[in-house]
Amino acid sequence: MTQEPLFREAQRMRQPWIWALLALTSVPVLVFSSVVGLIVILTVAAFIYSIQLNTEVRMDGIYVRFAPIHRSFRRLPFDQIEQVERTEFGLLTYGGIGIRWIPGTVAYMTTLGSGIKIDRENAKSVVIGSQQTSALLETINDMQ
């Protein structure tokens, strides 16, 4: 039985620059009438369109899922969390959007901006991008 989340947020990659970049890369494909190239562009577009970052706070922890890459939620139990803080990040902080790995940290984000950083005992820190950072942080702080 799954618990009803205390906080839930779903984010998608809908930035205009992503779609403009895909459109620009499709111009040579259309000019040279490359069927294979068009299939590749459409597959990449469908994949980007399907990406969704789901964040939930439940009674037993924080759950994050970067679909379609993650099939199920990744749980961060509250008893393993040392500290949670608001963080701001840009292009240079983690190198872009998506799932980003840097030494000691894994970051999940669909847009640049703000989110939370979760420091855990004996594990990598986790950064979760959010468009509702204040509400997310408040819900987590109420649970700890």
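Among residues belonging to segment 4-13 that are within 21 Å of residue 97 (Cα to Cα) and hydrophobic (A, V, I, L, M, F, W, C), point out the one that is surrounded by the fewest Cβ atoms within 10 Å (Cβ to Cβ).
Going residue by residue through segment 4-13, those that are within 21 Å of residue 97 (Cα to Cα) are 8-13.
Add one more test, that the residue is hydrophobic (A, V, I, L, M, F, W, C), and what stays is 10, 13.
Numbers: 10: 12, 13: 18.
Residue satisfying both the conditions and the ranking: 10.
Condition first: modelled with pLDDT under 90, at positive phi and more than 15 Å from the chain's Cα centre (by Cα). Can you find one or more residues in segment 28-42 that meet it?
Scanning segment 28-42, I find at least one residue that is modelled with pLDDT under 90, at positive phi and more than 15 Å from the chain's Cα centre (by Cα), so the answer is yes.
Do we have any residue at all in segment 125-134 that's open to solvent by less than 20 Å² (accessible area, probe 1.4 Å), out of contact with any Phe, Trp or Tyr (no Cβ under 6 Å at 6 or more places or on another chain) and farther than 28 Å from residue 20 by Cα? Quick ask: steps written out before the conclusion?
Going residue by residue through segment 125-134, those that are open to solvent by less than 20 Å² (accessible area, probe 1.4 Å) are 125-130, 133.
Retained after the next criterion (residues that are out of contact with any Phe, Trp or Tyr (no Cβ under 6 Å at 6 or more places or on another chain)): 125-127, 129-130, 133.
From what is left, the residues that are farther than 28 Å from residue 20 by Cα are 125-126.
Checked against the condition, which is being open to solvent by less than 20 Å² (accessible area, probe 1.4 Å), out of contact with any Phe, Trp or Tyr (no Cβ under 6 Å at 6 or more places or on another chain) and farther than 28 Å from residue 20 by Cα, segment 125-134 yields at least one hit.
For (1) among the hydroxyl-bearing types (Ser, Thr, Tyr); (2) in contact with an Asp or Glu (Cβ under 8 Å, 6 or more places away or on another chain); (3) over 21 Å from residue 108 (Cβ atoms), each residue gets a yes or a no:
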| residue | (1), (2), (3) |
| --- | --- |
| 24 | no, no, yes |
| 28 | no, no, yes |
| 54 | no, yes, no |
| 70 | no, no, no |
| 74 | no, no, no |
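The values are calculated or read from the model by the stated rules, or taken from the named source; none is laboratory data. Remember, it's a predicted structure, so these values are computed and weren't measured experimentally. So basically every Cβ, Gly included, is an ideal-geometry build from the backbone, and we count neighbours across all protein chains shown. SASA here: full protein model, heavy atoms, side chains in, ligands and nucleic acids out. Shrake-Rupley method; radii C 1.70, N 1.55, O 1.52, S 1.80 Å.
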